[in-house]
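Asker: This structure is in structure tokens; I'll ask about it shortly.
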């Protein structure tokens, strides 16, 4: 008969167990004892098999819990060792890190101060150069002023030309004479300026007089032109009035002559057209009057001749002269007059 084994669980190491390091505890050995005898069958045998199965499952669970506890304890041990190593490294080297940080800050401050000092030094250099330049200019101006004063003094007193034997009284008299001469020259120039001003005034008066005369002449010319324009307008109006009158404005006269022996043939009816052109055109169609002034014919023959105004225009007219066959005429002359 088998004895029932009691399951033994090993304590789990961890943060709450109170044990952090060390090997895991050994599980107690379970001994199974069996007594000699015969095996039981039936209901008792079945119960025994179920108990053995439960005991086997209990052992498997205990092994799984032991492995999990072992792995968890190892992970916690490794993490704690790394953290403690980092903290110990920082503690051992914190003086070096502080020194490096301090050196970096000092270098940055020195660089900024050096940059600012360079700018200020440049400004101071420019200011010093400007001051030197101003001092040089002032020194040169002082030298020039002294030279000008010396030259003016020498020119006034005439020290460069005067002999050493002259006294201040002589120098003063010489200066007074020079001043009188300058005053005389100044008065002469003022007189010349007055003369020039008088001449300018005279010229201005003459120019003003000429301008007045020119203005008067222009006014007279304008008046004459206006009068001429008025006369021309009056003449144009008169001409227009004359052209509009109904009576005869002019007359023109002339003579028409036939060629020699033009009417000596034996033909039954003979006619000839003669044209008279006026010297200038009439305003309207003129009235024409014609008459014979000469008839040259053969004696002992009938004298039969006529003259008719065939057509009249403002520029010319046509006169037709005719005779019969029993008349023998050598030449005919016709006098005409046109009036319009």
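The values are calculated or read from the model by the stated rules, or taken from the named source; none is laboratory data. What you see is a predicted model; the values in this text were computed from it and never measured. Cβ atoms come from the backbone with ideal geometry, glycine included; neighbour counts cover every protein chain shown.
Asker: Against the conditions (1) surrounded by 14 or more Cβ atoms within 10 Å (Cβ to Cβ); (2) more than 30 Å from residue 244 (Cα to Cα); (3) modelled with pLDDT under 90, where does residue 298 fall short? Just the number, please.
Answerer: Of the numbered conditions (1) surrounded by 14 or more Cβ atoms within 10 Å (Cβ to Cβ); (2) more than 30 Å from residue 244 (Cα to Cα); (3) modelled with pLDDT under 90, the odd one out for residue 298 is (1).
Asker: Hey, among 181, 174, which residue is modelled with pLDDT under 90, on the phi < 0 side of the Ramachandran plot and surrounded by 10 or more Cβ atoms within 10 Å (Cβ to Cβ)? Don't jump to the end; show me each part of the working.
Answerer: Working: 181 fails: modelled with pLDDT under 90.
On inspection, the qualifying residue turns out to be 174.
Asker: Here's another thing I want to ask about it. Show me the strands (runs of 3 or more DSSP E) entirely contained within segment 271-340 in which 1 or more residues are without any contact (Cβ under 8 Å) to a residue 60 or more places away in the chain. Before you say what the answer is, go through the steps one by one.
Answerer: On the way: elements: 287-297, 305-312, 316-324, 329-339.
Here the list reads 287-297, 305-312, 316-324.
Asker: I've got another one for you. Take segment 222-244 and flag every residue that is in a helix (DSSP H, G or I) and closer than 13 Å to residue 283 by Cβ. Steps first, answer last, please.
Answerer: First, the residues of segment 222-244 that are in a helix (DSSP H, G or I): 222-243.
Selection gives 239, 240, 242, 243.
For every residue, the table says whether it meets (1) at pLDDT below 90; (2) closer than 30 Å to residue 315 by Cβ; (3) over 60 Å from the mean Cα position of the chain (by Cα).
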residue: 220; (1), (2), (3): no, no, no
residue: 224; (1), (2), (3): no, no, no
residue: 234; (1), (2), (3): no, no, yes
residue: 264; (1), (2), (3): yes, no, yes
residue: 277; (1), (2), (3): no, yes, yes
